[in-house]
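Only the coordinates and a few stated rules stand behind these numbers; no lab work does. Keep in mind the model is a prediction, meaning the values are calculated, not measured. Here the Cβ is made from the backbone with ideal geometry for all residues, glycine too, and neighbour counts use every protein chain on show.
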Amino acid sequence: MIDLHTHTFFSDGELVPAEHLRRVEILGYSAVAITDHADSSNMDFIIPRIVKVAADLNRYSQTKLIPGIELTHVPPQMFGELVLKARELGALIVVAHGETVMEPVRSGTNRAAIEAGVDILSHPGFITEEDAQLAAERRVFLEITGRKGHSLTNGYVAALATRVGALLAVNADAHGPGDFLTAGMAETVALGAGISREGYAKIRKDMADLVVRVSRN
Ligand SMILES: [Zn+2]
Ligand SMILES: [Zn+2]
């Protein structure tokens, strides 16, 4: 199991990174990314701390902690500069908080995030076919989410991504210990979105490949 979109109390999650990591270690995860909510006010506060704790904890954990960030409600025009800044600060996984149907995320966010080269566009809501195609070309993962509310458009996202050949990731968007997905629940979320078993096997492989790629950098 791998999850690439989770929150600690460095934003609105509940756990300190050490407990967060331990909770998924006992679920048998091979890797987890901590991707707390950020804009230009707090990126330089959060990312170096997650980089540090990852270096510390990865010496003693079976689960690899990957430092990341989730650019959240930032103006679409700022994505380019903030993605660069996040990577400079050491974020290995950059998630964009996509145009979920549950929140007033600015229109144009999905497109701007893909163009800026985020790794994962989370809960992209009713993403357009053109944007999904661009995500496929740029190899930006679209997210199938376990999070209540955000998951309402999972079936739409899965069908469109499959049609245009976009990469998919299944993430919990966990904010507390009750939110982490077991391997079985992650599969249920994917199959429930209409993804085939073969499609799901490919998702697990694509996510594992991304972890290998970012871990090399
Ligand atoms: Zn949150
Ligand atoms: Zn999130």
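At-a-glance table
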{"quantity": "Semi-axes of the equivalent ellipsoid for the stretch 109-153, Cα gyration tensor, largest first, Å", "calculated": "18, 10, 8"}
{"quantity": "Exposed-site-free run, longest, the chain (rule: trypsin sites (Lys or Arg not before Pro); DSSP loop; at most 16 other C-beta within 10 Å)", "calculated": "149-217"}
{"quantity": "Choice from Glu130, Glu187, Glu25 with maximal GNM fluctuation in the chain (Cα, 10 Å cutoff)", "calculated": "Glu130"}
{"quantity": "Computed [θ] at 222 nm, helices only, for the chain once each DSSP H run of length n ≥ 4 contributes -39500 (n - 2.57)", "calculated": "-13500 deg cm²/dmol"}
{"quantity": "Largest-first principal axis extents, alpha carbons of the stretch 71-217, Å", "calculated": "38, 33, 32"}
{"quantity": "³J(HN,Hα), Karplus 6.51/-1.76/1.60, whole Hz, each residue of the stretch 155-164, x for Gly, Pro", "calculated": "x, 5, 5, 5, 5, 5, 4, 5, 5, 9"}
{"quantity": "Cut-off under 5 Å, modelled amide H: who pairs with Ile93 long-range", "calculated": "Gly68, Ile69"}
{"quantity": "Ratio of the Cα radius of gyration of the stretch 93-169 to 2.2 N^0.38 Å, where N counts its residues", "calculated": "0.93"}
{"quantity": "Average projected area [Cα convex hull, the stretch 34-109], square nanometres", "calculated": "5.4"}
{"quantity": "The stretch 1-77 - convex hull of alpha carbons, volume per residue in Å³", "calculated": "81"}
{"quantity": "Positive-end residue of Val140, Asn42, Gly184, charge dipole of the chain with Cβ unit charges", "calculated": "Gly184"}
{"quantity": "Loop sites in the stretch 1-85: chymotrypsin sites (Phe, Trp or Tyr not before Pro), DSSP, at most 13 other Cβ within 10 Å", "calculated": "Tyr60"}
{"quantity": "Value of Rg to Rh for the stretch 1-143 (Rh from inverse mean 1/r over Cα pairs, i.e. Kirkwood)", "calculated": "0.97"}
{"quantity": "Set Lys64/Lys205; Lys85/Lys148; Lys52/Lys202; Lys64/Lys85 screened for pairs whose C-alpha atoms are more than 25 Å apart", "calculated": "Lys85/Lys148; Lys52/Lys202"}
